[in-house]
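Each remark here refers to the structure printed beneath this line.
The values are calculated or read from the model by the stated rules, or taken from the named source; none is laboratory data. Please read all numbers here as calculations on a predicted model, not as lab measurements. We place every Cβ from the backbone using ideal geometry, glycine too, and count neighbours over all the protein chains shown.
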Amino acid sequence: MIEVKNVTKDYTNGNDVARILKGVSFQVQKGEFIAIMGPSGSGKSTLMHILGALDTPTDGTYSLDGKDISALPEDELARIRKAKIGFVFQAFHLLPRATVLRNVALPLLYAGMDRADREGRAKEALLAAGLEEERHLHLTSQLSGGQMQRVAIARALVNDPAIVLADEPTGNLDSKTGDLVLGTFQRLHAQGRTVILITHEPYVAEHAERILVIRDGELVEDKKNAHRRMQTDAI
């Protein structure tokens, strides 16, 4: 599904050039659950932007479903994001005075889908993300942090993306609630989703089946997670 080959990323400030990624290469197969882990400043967020088609490499190639998208213009990248990638961020980016259902259905409104269809799809996505139906008409401002993150996960799922890309999704949550959200990602993976989790926390990364470690812009470790943490709590 994904092939990253010798990817570099430079940022220029006047005459100064900072190389953030330094020849990173790896593959992600369809249906994998991987964590990309590294400390602040390691380059993992830059790599996340490239994987999410939010940015392009300075050099090297990024292929998605067999197509090199490394040098595509922004309008093409936007179409790829809309069709193939669902994003979940540390900040939930929800509309506080809109209902849960409306927040999740909003991307489908922009896509021109009629109301009945988009509400049906939104309900399916919310149930898949583990949010019970009695909360679908609540305002998001009435929810707990963990519930809001599950709404954000549902919004990422509503277009049925091939990839769910989560950037520090437990960063604003306490440890117990974070575990429940990580359990949601594990369940999505068990259903066949490709999940890529960006984190600086080893405990969070241990919920994935494979861990990539980025340090100083280089991929220094790529390992199967033989001691994977499994969350079995109902959410």
note = Inside region 210-234, the number of residues satisfying the requirement of being closer than 18 Å to residue 164 by Cβ, modelled with pLDDT of 95 or more and not hydrophobic (A, V, I, L, M, F, W, C) is 1
key: Selected residue [under 18 Å from the mean Cα position of the chain (by Cα) and surrounded by 15 or more Cβ atoms within 10 Å (Cβ to Cβ)] from 123, 44   = 44
query = Failed condition for residue 92, given (1) in contact with a strand residue (DSSP E or B) (Cβ under 9 Å, 6 or more places away or on another chain); (2) surrounded by 13 or more Cβ atoms within 10 Å (Cβ to Cβ); (3) touching a residue at least 60 places away in the same chain (Cβ under 8 Å); (4) not in a helix (DSSP H, G or I), with all others met?
reply = (1)
remark   = Residues of region 1-34 being more than 24 Å from residue 230 (Cβ to Cβ), loosely packed, with under 15 Cβ neighbours inside 10 Å, modelled with pLDDT of 95 or more and among the polar types (S, T, N, Q), in sequence order, are 6, 25, 27
task = Please verify whether region 61-68 includes one or more residues that are in contact (Cβ under 8 Å) with a residue 12 or more places away in the chain and closer than 23 Å to residue 18 by Cα.
result = yes
ask   = Are there any helices (runs of 4 or more DSSP H) wholly within region 123-235 with 2 or more residues that are among the basic types (Lys, Arg) and either over 19 Å from residue 42 (Cβ atoms) or without any contact (Cβ under 8 Å) to a residue 40 or more places away in the chain (or both), and if so which?
value = 145-157, 175-190
